[in-house]
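Report on one structure; see the data block that follows.
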Amino acid sequence: MAGDMTVYGGQHYTGFPAELIRQELGNLQSVISAMGLDPAVQKKATALLADADHELSRAGRDAKKVARPIERLTGLLKNIGALAVSGAALIDPLQRIASWLGPAGQAILHLIM
């Protein structure tokens, strides 16, 4: 019959308001600052977080544009072994951000795994 729909398993939406993402960016900054990274790496990580925050601040923000600096940050942290050393302290906020970004965040999740 037209208009009938059966949904098994429920409907799920994992979207976060921009302020929660900002909070996660702050969490990442705190963890990264406490790691004692090489100053050049620290500077690059801080710049990438600022880029993501800037994109997040834009009206009509684009998830892909927010994801790019986070993806680059994740790659940087993975390449220097920081993801392996820090464990959940970095991985959890990155996963939450990637989840909010939906399909645009998939590359971030692939780097973490």
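With surrounded by fewer than 17 Cβ atoms within 10 Å (Cβ to Cβ) and within 11 Å of Ile112 (Cβ to Cβ) as the only criterion, which of Gly75, Gly36 stands out? From the options Gly75, Gly36, the qualifying one is Gly75.
Counting the residues of region 93-111 that are surrounded by fewer than 16 Cβ atoms within 10 Å (Cβ to Cβ) and over 12 Å from Ala67 (Cα atoms) gives 1. Can you pull out the residues in region 42-61 that are touching a residue at least 24 places away in the same chain (Cβ under 8 Å) and over 19 Å from Pro93 (Cα atoms)? Within region 42-61, Arg61 is the sole residue that qualifies. For region 40-56, the criterion of being out of contact with any Asp or Glu (no Cβ under 7 Å at 6 or more places or on another chain), loosely packed, with under 15 Cβ neighbours inside 10 Å and not in a helix (DSSP H, G or I) is met by none of the residues. Tallying residues that are touching a residue at least 40 places away in the same chain (Cβ under 8 Å), hydrophobic (A, V, I, L, M, F, W, C), within 16 Å of Leu48 (Cα to Cα) and in a helix (DSSP H, G or I) within region 78-104 yields 4.
Only the coordinates and a few stated rules stand behind these numbers; no lab work does. Here the structure is a predicted model, which means the values were calculated and not measured. Positions of Cβ are backbone-derived with ideal geometry, glycine not excepted, and every protein chain shown enters the neighbour counts.
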